[in-house]
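Okay, structure first, notes after.
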Amino acid sequence: MVEYPIDQLPNLIDALLQCENQVQKRELLADAQETLSIEHLSLLFEAIPKDQRMEIWALLDDDTQHEIFVNLGDDSCRWLLHTLDDADCFKLLDEVNVAQLLELEEVIPERFIEYAKKQLDEAQIKQYDLAQKYTAEELGHWLDFDFVKVSEKLIMPSVRKQILKGIPPFTDVFYTITRQGQLSGEVAINDILQAEEGQKLYAMIDQDITALNASDDLYEAAEAVILSGRAAMPVVDADQKLIGRLSLASAYQLRQETIDSAAAKAGGLREDEDLFASVRKSAKNRGIWLGINLATAFLASWFIGLFGATIEQVVALAVLMPIVASMGGIAGSQTLTVIVRGLALGQVTDSNRSALLKKELRVGAVNGFVWALVIGLLTFAWFNDMMLSITITVAILLNLIAASLSGVVIPSILDKMKIDPALSGSVILTTVTDIVGFVTFLGLGSLLLL
């Protein structure tokens, strides 16, 4: 059997697209199902051009189709439901669990949501209804219900039966509840295994625990779990009743979603855009940011126009201008990326922003000095003009310092204004560095070269 680790996924995609024999395609997919995770199989499916996807889809068994379906991005999920007939769509929804339905309900048509809800059992319906009490941005909407809770009045034999039944992943404690269902504490499984037969659970309860609230911000709660060092944290409602938990695995997944979303928005893209989305949709998604960038580019050009006479007399300035703009843009984007990521992860606060700004300014000054000197020497070697070399050296130094300053200040201001810095920060920063670079370079050129 051929093995396809994730780094070989491109080779498998090429093999499927180049293979014209259906039997061989089926064998390739069978090998892939044994060696790749469902998440990677979903990536494989989305990497197939849309006119060939259904041919690949038909070669998959029902279980794999279902697993791929619930792991697809929003655009791909909508496309698949639109392409399949309703009977096949309903079949995909037959075994959807509560967590999957909550993910899908923001994407799929209402008739499919209603069908999927009818397939849930009584306990799952209660879980689904509980999730609806909270918004998609609140922790309570995305609870993990797979945990163990026991009455604080139990004795050891009864508690140990729970262990024999099997415990969910990321479970190192049992949560204890009062008769009213309120969280009273937790007991480590290791302590339960080592306890004497007749010992009561109540005497072993650790009541000094921290619980999350169902109304907490989802991503802030995820960071709390990661920083806690715990396998999971319990979640309570407004009445302190234990209603679920958030595991470490889910917390890291949420953090990754935050990072992925920030990366997509930084490029003016939608996170869920299908790799083979329609030209019209992709053009629409990206076009608005091209328009915004055009407006800012005209602003930079207007500033250049103020120095038209200088450029006409010193043509070398026009030759060197792209260097000034490029160095400032790169330096600024490096700082911006660090700050946006820090904001997304909750690492940048009012308390550490000043220290972070000083650090980035020092980085900008060091890089500015080194590269300004290098560019100045190269300019002198090229044009044999000392004043021109001094002009670009000073301009590069000042622009890299300004870029570092902008990379910290711009996303911080946007974040305070409740504007996503990942979405608009790069456009504003590029404009600032271009204007600062051009005005500094051309202004110094006017003073020193004419």
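Of note:
- The chain: angle of helix 22-35 to the longest principal axis, Cα-based, in degrees nearest 10: 80 degrees
- Inter-probe distance in nm under a simple model that places probes 7 Å from Cα toward Cβ, at Leu373 and Gln52: 5.4 nm
- Counting only protein chain heavy atoms and rolling a 1.4 Å probe, the accessible areas of Thr440, Thr337, Thr433 rank, largest first, as Thr337, Thr440, Thr433.
- C-alpha long axis of helix 421-449 to longest principal axis of the chain, angle in °: 10 degrees
- What separates the Cα centres of segment 415-432 and segment 321-359 is a distance of 11 Å.
- Under the criterion of Cα pairs below 8 Å and six or more residues apart, the relative contact order for the chain equals 12 percent.
- Fraction of accessible area attributable to carbon and sulfur, the chain (%, probe 1.4 Å): 57 percent
- Surface analysis of the chain yields an accessible area of 53 Å² per residue, using protein heavy atoms and a 1.4 Å probe.
- Antiparallel bridge percentage (DSSP; both residues within the chain; nearest 5): 75 percent
- Angle of helix 218-228 to the longest C-alpha principal axis of the chain, folded into 0 to 90 degrees and rounded to 10: 80°.
- Mean separation of Cα contacts under 8 Å, 6 or more apart, over the residue count of segment 295-450: relative contact order %: 40 percent
- Here's the list of lysines a cross-link from Lys133 could span, going by alpha-carbon distance under 27 Å and ignoring same-chain residues fewer than 8 apart: Lys117, Lys118, Lys149, Lys241, Lys418.
- The HN-Hα couplings worked out from phi for segment 199-213 by the Karplus form 6.51 cos²θ - 1.76 cosθ + 1.60 (θ = phi - 60°) are 5, 7, 4, 4, 6, 9, 6, 8, 8, 8, 10, 10, 10, 8, 9 Hz, whole numbers, x standing for Gly and Pro.
The values are calculated or read from the model by the stated rules, or taken from the named source; none is laboratory data. Small disclaimer: the values here were computed from a predicted structure and weren't measured. Glycine also receives a Cβ, built like all others from the backbone with ideal geometry; neighbour counts cover every protein chain displayed. Calculation scope for accessible area: heavy atoms of the full protein, side chains included, ligands and nucleic acids excluded. Shrake-Rupley method; radii C 1.70, N 1.55, O 1.52, S 1.80 Å.
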